[in-house]
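S.K.: Please see the structure below; I have some questions.
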Amino acid sequence: MAAPQWPKKCPNCNRPIRKQSWNKLDLKGTMPMTRGRDSEKIQLRNCSCGSTLAVPESATKKSDPPSSMK
Ligand SMILES: [Zn+2]
């Protein structure tokens, strides 16, 4: 539903960050996020300006179909 859109904008330097560029940024770590019954990992990466940005891990992967039901 609320899928993050690329390119993201760094709130600090307003630099647009594409998905490709995101995966090249310095990974600071991940943290779990729970939304209702769904839990998801958030990736924390540093923008080149030094600001830490957070993007859900699912948004950083290849464009899989959003609902993968077995
Ligand atoms: Zn920045």
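The values are calculated or read from the model by the stated rules, or taken from the named source; none is laboratory data. Just so we're clear, the structure is a prediction, and the values are computed from it rather than from any experiment. Glycine also receives a Cβ, built like all others from the backbone with ideal geometry; neighbour counts cover every protein chain displayed.
S.K.: In region 1-44, what residues are closer than 15 Å to Lys61 by Cα, part of a strand (DSSP E or B) and either without any contact (Cβ under 8 Å) to a residue 12 or more places away in the chain or not aliphatic (A, V, I, L, M) (or both)?
M.R.: Lys8, Thr30, Glu40, Lys41, Gln43, listed by residue number.
S.K.: Sticking with this one: Within the group Ser48, Ser58, Ser63, Ser67, which residue is under 12 Å from the mean Cα position of the chain (by Cα), hydroxyl-bearing (Ser, Thr, Tyr) and either part of a loop (DSSP other than H, G, I, E, B) or at pLDDT below 95 (or both)?
M.R.: Of the residues listed, the single one that is under 12 Å from the mean Cα position of the chain (by Cα), hydroxyl-bearing (Ser, Thr, Tyr) and either part of a loop (DSSP other than H, G, I, E, B) or at pLDDT below 95 (or both) is Ser58.
S.K.: Something else now. Taking region 23-45 as the region of interest, how many residues are within 14 Å of the ligand (Cβ to nearest atom) and either under 11 Å from the mean Cα position of the chain (by Cα) or surrounded by 13 or more Cβ atoms within 10 Å (Cβ to Cβ) (or both)?
M.R.: Going through region 23-45 one residue at a time, the tally reaches 4.
S.K.: Is at least one residue of region 22-30 modelled with pLDDT of 95 or more and of a type in the set (Gly, Ala, Ser)?
M.R.: Yes, that holds for at least one residue.
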